[in-house]
Amino acid sequence: MQSSNNGIYRRYIKRLLDIILSLVAIICLSLLFLTVAFLIRVKLGSPVLFKQKRPGMNEKVFLMYKFRTMTDERDEDGELLPDDVRLTKFGKFLRSTSLDELPELFNILKGDMSLVGPRPLLVQYLPLYNEHQKRRHEVRPGLSGLAQVNGRNAISWEGKFDLDVQYIEQVSFIKDFKIIFLTIKKVFIREGISSETAATVEVFQGNESKDKSSRK
């Protein structure tokens, strides 16, 4: 019975809640949206939004929206400077408070994303996943997820992917509610924003061997 209820939640109720809660959040946070957008325009310039293609459910690519957190500073050859140079103090504040993620509420409303699910990563990572890791695309990507409340950018890629698959196998209303609650808590204590060796998050380099594709 529990499995049946979880199936109904996953197929029908989860998406309905995404629509309702994202719409309510957009309306209630409209003043915050405008304030952050204005400050970004003043401090970082335009465009205010950062748009990037990300793979969603069934690896379908969509355009994800975030508030901009970096400058466009370039070297003498026209190449963008490293992240730690372009990420300003204001940009770090936006990331540490997760305010840069707010525009993703529109992705949720559109159906590209969900409130809870594996975070949408870069398109160029798709060929690097093993079969176990590819399972993260069985559901809509989330604004937050099990990996985000268990270390976020401070844990290894393998650890993140294992948590993504664990979530997929245990999707339920109670689990989603707990993740949303823990996400709010993490935002307030600003934990796990960056990795220990990079300004934002380390690039996924792939797996050492394809043997992991058979792991459970």
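How high is the relative contact order of the range 16-135, in percent, with contacts defined as C-alpha pairs under 8 Å that are six or more residues apart?
Values: 129 pairs, mean separation 33.9, N = 120.
Computed over the range 16-135, the figure is 28 percent.
If R₀ is 35 angstrom, what is the calculated FRET efficiency for the pair R15 and E76, using the beta carbon separation as r and rounding to 0.05?
Details: r = 49 Å, r/R0 = 1.41.
Efficiency, from the Cβ-Cβ distance: 0.10.
Give me the percent of accessible area attributable to carbon and sulfur for the chain, probe 1.4 angstrom. Present the calculation step by step, with values, prior to reporting the outcome.
On the way: 7290 of 12410 Å².
C and S atoms contribute 59 percent here.
Would you compute, from DSSP H runs of 4+ residues alone, the mean residue ellipticity of the chain at 222 nm, taking -39500 (n - 2.57) per run and dividing by the full residue count, rounded to the nearest 500?
Values: 9 runs with 89 residues, N = 216.
Rounded to the nearest 500, it is -12000 deg cm²/dmol.
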Rounded to two decimals, the Rg over Rh value of the chain from Cα coordinates and the Kirkwood Rh reads 0.97
Measuring from centroid to centroid over Cα atoms, what is the spacing of the range 13-50 and the range 126-183 in Å?
23 Å
Beta carbons within 10 angstrom, averaged per residue: use that to sort the peptides 138-150, 77-89, 30-42, highest first.
138-150, 30-42, 77-89
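The values are calculated or read from the model by the stated rules, or taken from the named source; none is laboratory data. Keep in mind that this is a model prediction, so the values were computed, not measured. Note that each Cβ is placed from the backbone with ideal geometry, even for glycine, and that neighbours are counted across all protein chains shown. We work out accessible area using only protein heavy atoms, side chains counted, and drop any ligands, DNA or RNA first. Shrake-Rupley method; radii C 1.70, N 1.55, O 1.52, S 1.80 Å.
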